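Trainee: One structure, as structure tokens, below. Some questions next.
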């Protein structure tokens with residue numbers, strides 16, 4: 001079984017299956033990374049209208065090129081994903097998690113905080129995991145903690161959240177508001193800009 005869900009991002013659609021695809025979150029907006037590590041994402045990138053592929057748990061979020069309409073491409077993508085998964089084709093290769101962490105370190109995207117801020121960072125991560133991630137996942141995306149320094153929390157937006165018009169509102173009104181209330185040391189929340 002496969003169905004689609006709208007996301008707050010008009011350019012992204014969530015394709016939900018009744019089985020686990022990948023435990024965790026894997027962002028394949030980079031076509032080269034998809035070629036190396038995700039046969040499913042690589043196959044989806046073959047479609048001219050697919051800009052990004054995000055795979056997490058039991059869903060695939062696809063971000064499309066702006067000049068295409070969902071009404072023209074949704075059924076093709078739905079059919080492709082359904083057949084691909086039913087045929088038992090590989091989703092993500094083993095070892096991807098380690099490679100993803102290595103790539104993030106090389107790009108300076110590892111989790112970063114000062115020794116004296118370890119407890120604060122841990123609390124922020126727990127709050128994000130408990131309150132924010134489940135809601136963001138419902139919208140076909142993911143948010144990763146990246147940095148805490150001088151009261152500023154930096155988060156990475158993935159999947160449908162990346163490039164979403166309402167992500168700034170979510171970040172500032174929702175997440176920043178909650179973190180400021182629950183962790184007084186937090187002064188600001190920003191999105192990671194690559």
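The values are calculated or read from the model by the stated rules, or taken from the named source; none is laboratory data. These numbers come from a predicted model, not from an experiment. In this analysis, Cβ positions are derived from the backbone assuming ideal geometry, glycine residues included, and neighbour counts consider all displayed protein chains.
Trainee: At negative phi and at pLDDT below 95, is that true of residue 95?
Mentor: No.
Trainee: Please give the number of the condition residue 26 fails out of (1) over 16 Å from the mean Cα position of the chain (by Cα); (2) in contact (Cβ under 8 Å) with a residue 60 or more places away in the chain.
Mentor: (1)
Trainee: Consider residue 16 carefully, then state whether it is in a strand (DSSP E or B) and touching a helix residue (DSSP H, G or I) at 6+ places or on another chain (Cβ under 8 Å). Full working, then the answer.
Mentor: Values: in a strand (DSSP E or B): yes; touching a helix residue (DSSP H, G or I) at 6+ places or on another chain (Cβ under 8 Å): no.
No, not satisfied.
Trainee: I would also like to ask the following. Going residue by residue through the stretch 44-55, is there one that turns out to be touching a strand residue (DSSP E or B) at 6+ places or on another chain (Cβ under 9 Å), assigned to a helix (DSSP H, G or I) and at pLDDT 95 or above?
Mentor: There is at least one residue in the stretch 44-55 that is touching a strand residue (DSSP E or B) at 6+ places or on another chain (Cβ under 9 Å), assigned to a helix (DSSP H, G or I) and at pLDDT 95 or above.
Each row is one residue, and each column tells you yes or no for (1) surrounded by 14 or more Cβ atoms within 10 Å (Cβ to Cβ); (2) in contact with a strand residue (DSSP E or B) (Cβ under 6 Å, 6 or more places away or on another chain).
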residue: 65; (1), (2): no, yes
residue: 68; (1), (2): yes, no
residue: 72; (1), (2): no, no
residue: 81; (1), (2): yes, yes
residue: 84; (1), (2): yes, no
residue: 87; (1), (2): no, no
residue: 94; (1), (2): no, no
residue: 102; (1), (2): no, no
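Trainee: Taking the stated definitions as given, is residue 73 over 15 Å from residue 28 (Cα atoms), more than 20 Å from the chain's Cα centre (by Cα) and part of a helix (DSSP H, G or I)?
Mentor: Judged against the criteria, residue 73 is a match.
Trainee: Are any of the residues in the stretch 161-177 in contact with a helix residue (DSSP H, G or I) (Cβ under 7 Å, 6 or more places away or on another chain) and in a loop (DSSP other than H, G, I, E, B)? Walk me through how you get there before you give the answer.
Mentor: We begin by selecting, within the stretch 161-177, every residue in contact with a helix residue (DSSP H, G or I) (Cβ under 7 Å, 6 or more places away or on another chain); these are 161, 175.
Going one step further and asking which of them are in a loop (DSSP other than H, G, I, E, B), we end up with 161.
The answer is yes; a qualifying residue exists.
Trainee: Picking from 128, 179, 157, which residue would you name as being outside the structural domain of residue 12 (by TED's automatic domain parsing), closer than 17 Å to residue 27 by Cβ and either at pLDDT 85 or above or surrounded by fewer than 18 Cβ atoms within 10 Å (Cβ to Cβ) (or both)? Don't jump to the end; show me each part of the working.
Mentor: Values: 179 fails: closer than 17 Å to residue 27 by Cβ; 157 fails: either at pLDDT 85 or above or surrounded by fewer than 18 Cβ atoms within 10 Å (Cβ to Cβ) (or both).
Result of the check over 128, 179, 157: 128.
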